[in-house]
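Novice: My structure is below; once you've seen it, I'll send some questions.
The values are calculated or read from the model by the stated rules, or taken from the named source; none is laboratory data. Model, not experiment: these values are computed from the prediction. Every residue, glycine as well, gets a Cβ built from its backbone with ideal geometry; the counts of neighbours run over all protein chains shown.
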Amino acid sequence: MPLREVAIGGLYLSPLLLYALAGFGATLLIRSLLFKVLGANRLWFEAWFDVSLFVICTAAAAYLSCVVTGALS
């Protein structure tokens, strides 16, 4: 399983933290693109949308990490 700690400068970080950071960056990018294309008043319940998009992007980052490392075989 690819869930191993990542050592950065002698500090061990959980891979979920890295996935969450990647998910947060993807969330900001997708949210800004959607708001430019659709407009702010097309998306209701913005807080729920932001949380849902963050969870989806974090799960996608974790899944893609498993696919790239070959852990799903």
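Novice: Among (1) loosely packed, with under 11 Cβ neighbours inside 10 Å; (2) of a type in the set (D, E, K, R); (3) not in a loop (DSSP other than H, G, I, E, B), which single condition is Arg31 missing?
Specialist: (1)
Novice: Right, next: For the range 1-17, give me each residue that is hydrophobic (A, V, I, L, M, F, W, C) and modelled with pLDDT of 90 or more.
Specialist: At the first step, the residues of the range 1-17 found to be hydrophobic (A, V, I, L, M, F, W, C) are 1, 3, 6-8, 11, 13, 16-17.
Selection gives Leu11, Leu16, Leu17.
Novice: I need the full set of residues from the range 20-58 which are in contact (Cβ under 8 Å) with a residue 12 or more places away in the chain, within 16 Å of Leu3 (Cβ to Cβ) and of a type in the set (A, V, I, L, M, F, W, C), in order please.
Specialist: Ala20, Ala22
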